[in-house]
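Please read the structure below before turning to the comments.
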Amino acid sequence: MQPHWRWIFMVMLLLGLATAEVNDDEEGEEDVTDTTGADTEEQNSYLHVMYQTPVPSGEVFFAETFDDGLLDRWILSKTMKEDADEDIAKYDGQWKVEELKENKLSGDLGLVLKSTARHHAISAELQKPFVFDSKPLIVQYEVNFQDGIDCGGAYIKLLSHSSDLNLEEFHDRTAYTIMFGPDKCGEDYKLHFIFRHKNPIIGDYDEKHAKRPEVDLKKFFTDKKTHLYTLILKPQNTYEMLIDQIVVGQGSLLEDVIPPLNPPKEIDDPKEKKPKEWDERPKIPDPHAVEPEEWDEGGPEKIEDVNAVKPEGWLDDEPHLVSDPEAQKPSDWNDDMDDEWEAPLISNPKCQTAPGCGEWKPPLIDNPNYKGPWKPPMIENPNYQGIWKPRKIPNPHYFEDLNPFRMTPFSAIGLELWSMTSDIYFDNFIICTEKEVADRWASDSWGLKKLVASANEPGMINQLLKAAEERPWLWGLYILTAALPVGLLVLFCWPRKKIEEVEDADFSMSDFLQPDETDLAHQKEVKKGDLEGAEDHKEAELDGDDVDEDTENEEENEDEDEEFSQEDEDTGATANQSSDDEMKEADEGAECGDKLKKSLRKRRVRKD
């Protein structure tokens, strides 16, 4: 029983420590409340980090932080969207400059899309047009779907430079050079990178889409954190898409875009058609085969299962549908105009607990004897000519562009969006040519947001509890995981009762015996004391002998102990045969005490 009491004691101790920690936390919270007094909930909702508006370095074509709270350099579109209903065709979606709802930085503001089910369009001019020459293009900005996203985008457009570009008429068909950013519709999570490529022969523009990233993008739309989106185009005709400074997609502008950048050199002749006599059948039915006279189709394809038995409890007299007993005739029902009213039919509740209702019929199974209609065997087609293909001709629209990086220059950045969710947050736009400039800009802005978000994340226990709320089966895994180390610890490390502990105990045999048994125990102790003295004297004389002699002494001592044990057993047997109850109790007590003392003596001898 002692291990049970130790275990219970440890559990109570752990519960006491946990309660004490909770009480300490509550006292600490009360102390903070008392000292702060009028601290607002907003001040305690985020980690205080020293924030300063980032200042770009190096060559920068555009940079915007919105920290001044103004939209002076941004222009709202005043036009109408084509091919849209009149009530939603206008770009009247609202924009505001606000703080983040969560994990905010004091003094940090961003551009927020505020309306739902509305078209939004806002744009701003660059400091100077960007021309694709020998330097890379780096576009970077932040997005936070503060309330998640149902259907909508958060991508940007880099508007192509032209003399007639009017930002007040910015709409979905305004010419752009690059479109980049996240987008979602239904359960399709995307990261767009689209560039418009000019056909050098006919002068038309085609949209080229980069291949989809091979990573799961869902968490970037649903975790309500601020994420950093970066696009890098290099003069070597390569591209990289990054989220939170991690590459999620990369490739070549020549090869990894859809449709392909350069058209094929040859195409099928559109004027050529397949001849009528062209035979593409590799096999045909044997024209010489004849149906055998004895051919038997084998009966129907399906037959009733003769081995089936009607289930017990089948309700033959109950229909599958019955009138709803709770239905009531509408007050405005007119029998003359609407015919006689009948209650609607519902599923028969009696059939839900029974194997079935209505007339029972055996189920149908495949007929093992069914062979079906006779068909002639197939043979190789002697007139097979292969799959017909039209002949190839040179592609009149063929061209080869080996440097698609040299795109149309752009001179403005715009957001032209439709969203069914409001409060999409944009911040810290930058367009530059050096990766170090963009990284420094990110560390001074997005890096601080990431730090605050990490500091304000719930602890591991809270995360586990939240996961278990969404997936209840995790409770069983938690319990098993927690019980396994405890069980192993108890199994391998639980202390056993040691005889050595009894050796050091300070007790007397008289403490275990009744007063009437004291004399008998005293006589046995005197006898054993004499024997112990003799053994001690013998050990002292043999103290200088070699190891073999010590071994022999130990064996002799063990033999003597065995003799004493045998004598005790004989004494105990004699006591058991005695008819006197008092003598029996005395002998048993003496025997118990003698065995304990001799056992201790035996261990002392072995130890020495």
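The values are calculated or read from the model by the stated rules, or taken from the named source; none is laboratory data. Not measured: the values here are computed from a predicted model. Cβ placement follows ideal geometry from the backbone for every residue including glycine, while neighbour counts extend to all protein chains displayed. Protein only, heavy atoms only, side chains kept; ligands, DNA and RNA dropped before computing areas. Shrake-Rupley method; radii C 1.70, N 1.55, O 1.52, S 1.80 Å.
Quick rundown of the values:
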{"read-out": "Any pair with Cβ under 7 angstrom, 6 or more apart, that starts in region 241-258 at a residue that is at pLDDT 95 or above and ends at one that is among the aromatic types (Phe, Trp, Tyr) and not in a strand (DSSP E or B)", "value": "ILE243/PHE220; LEU253/PHE405"}
{"read-out": "Complete set of residues in region 418-440 that are modelled with pLDDT of 95 or more and either open to solvent by less than 10 Å² (accessible area, probe 1.4 Å) or in a strand (DSSP E or B) (or both)", "value": "ILE424, TYR425, PHE426, ASP427, ASN428, PHE429, ILE430, ILE431, CYS432, VAL437, ALA438"}
{"read-out": "Single condition ILE346 does not satisfy, out of (1) under 50 Å from the mean Cα position of the chain (by Cα); (2) under 30 Å from PRO363 (Cβ atoms); (3) open to solvent by 70 Å² or more (accessible area, probe 1.4 Å)", "value": "(3)"}
{"read-out": "Residue satisfying all of: in region 293-305; in contact (Cβ under 8 Å) with a residue 60 or more places away in the chain and assigned to a loop (DSSP other than H, G, I, E, B); farthest from LYS371 (Cα to Cα) among these", "value": "ASP305"}
{"read-out": "Options LEU415, LEU402, LEU451: the member that is in a helix (DSSP H, G or I) and under 49 Å from the mean Cα position of the chain (by Cα)", "value": "LEU451"}
{"read-out": "Selection from region 196-214 of residues that are at pLDDT 90 or above and under 34 Å from the mean Cα position of the chain (by Cα)", "value": "LYS208, HIS209, ALA210, LYS211, ARG212, PRO213"}
{"read-out": "Filtered residue count, region 177-198, keeping only those that are in contact with a Phe, Trp or Tyr (Cβ under 7 Å, 6 or more places away or on another chain) and either among the aromatic types (Phe, Trp, Tyr) or not in a strand (DSSP E or B) (or both)", "value": "3"}
{"read-out": "Strands (runs of 3 or more DSSP E) within region 323-393 that include 1 or more residues of a type in the set (Val, Ile, Thr), touching a Lys or Arg at 6+ places or on another chain (Cβ under 8 Å) and modelled with pLDDT under 90", "value": "none"}
{"read-out": "Given (1) more than 23 Å from PHE193 (Cβ to Cβ); (2) assigned to a strand (DSSP E or B); (3) open to solvent by 10 Å² or more (accessible area, probe 1.4 Å), index of the condition VAL112 fails", "value": "(3)"}
{"read-out": "Residue within region 77-92 that is closer than 25 Å to ASN456 by Cβ, touching a residue at least 60 places away in the same chain (Cβ under 8 Å) and open to solvent by 50 Å² or more (accessible area, probe 1.4 Å) present", "value": "no"}
{"read-out": "Residues of region 112-148 satisfying the condition of being of a type in the set (D, E, K, R) and either more than 21 Å from THR177 (Cβ to Cβ) or touching a Ser or Thr at 6+ places or on another chain (Cβ under 9 Å) (or both)", "value": "LYS114, ARG118, GLU125, LYS128, LYS135, GLU142, ASP147"}
{"read-out": "Any chance TRP360 is without any contact (Cβ under 8 Å) to a residue 40 or more places away in the chain and among the hydrophobic types (A, V, I, L, M, F, W, C)", "value": "no"}
{"read-out": "Qualifying residue in region 282-295 (condition: out of contact with any His (no Cβ under 7 Å at 6 or more places or on another chain) and closer than 30 Å to PRO200 by Cα)", "value": "no"}
{"read-out": "Residue count for region 85-115, restricted to those that are of a type in the set (Asp, Glu) and either more than 21 Å from HIS227 (Cβ to Cβ) or in contact with a Cys (Cβ under 8 Å, 6 or more places away or on another chain) (or both)", "value": "4"}
{"read-out": "Residue list for region 306-333, restricted to those being hydroxyl-bearing (Ser, Thr, Tyr) and touching a residue at least 12 places away in the same chain (Cβ under 8 Å)", "value": "SER323"}
{"read-out": "Options TYR239, TYR229, TYR189; residue that is over 24 Å from the mean Cα position of the chain (by Cα) and among the hydroxyl-bearing types (Ser, Thr, Tyr)", "value": "TYR239"}
